[in-house]
Amino acid sequence: METKLFVATKAFIVHQGKVLILKESPKYQDGANIGKYDVAGGRIKP
């Protein structure tokens, strides 16, 4: 198994007292949390 290294970030997006929560799609190839909920985020280039 090959180790993959990447940089990622998370953000709490608050609008009118509500926090944006997303559910990870099964279409995402490298997904580790498919079907689970989390705050917005993603990979960035170092």
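Each value in this text was obtained by applying a stated rule to the coordinates, not by laboratory testing. If you're wondering where the values come from, they're calculated on a predicted model, not measured in any experiment. Because the Cβ atoms are built from the backbone with ideal geometry, glycine has one as well, and the counts that use them run over all protein chains shown.
Below are the figures for this structure:
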{"item": "Residue count, segment 34-44 (criterion: surrounded by fewer than 11 Cβ atoms within 10 Å (Cβ to Cβ) and either outside any strand (DSSP E or B) or among the basic types (Lys, Arg) (or both))", "result": "3"}
{"item": "Where a residue in segment 7-35 is within 23 Å of Pro46 (Cβ to Cβ) and its partner, wherever it lies, is charged (D, E, K, R) and exposed (fewer than 10 other Cβ atoms within 10 Å of the Cβ), with Cβ under 8 Å and at least six apart", "result": "Val7/Lys45; Asp30/Lys4"}
{"item": "Enumeration of residues in segment 10-29 that are hydrophobic (A, V, I, L, M, F, W, C), in a loop (DSSP other than H, G, I, E, B) and touching an Asp or Glu at 6+ places or on another chain (Cβ under 9 Å)", "result": "Ile21"}
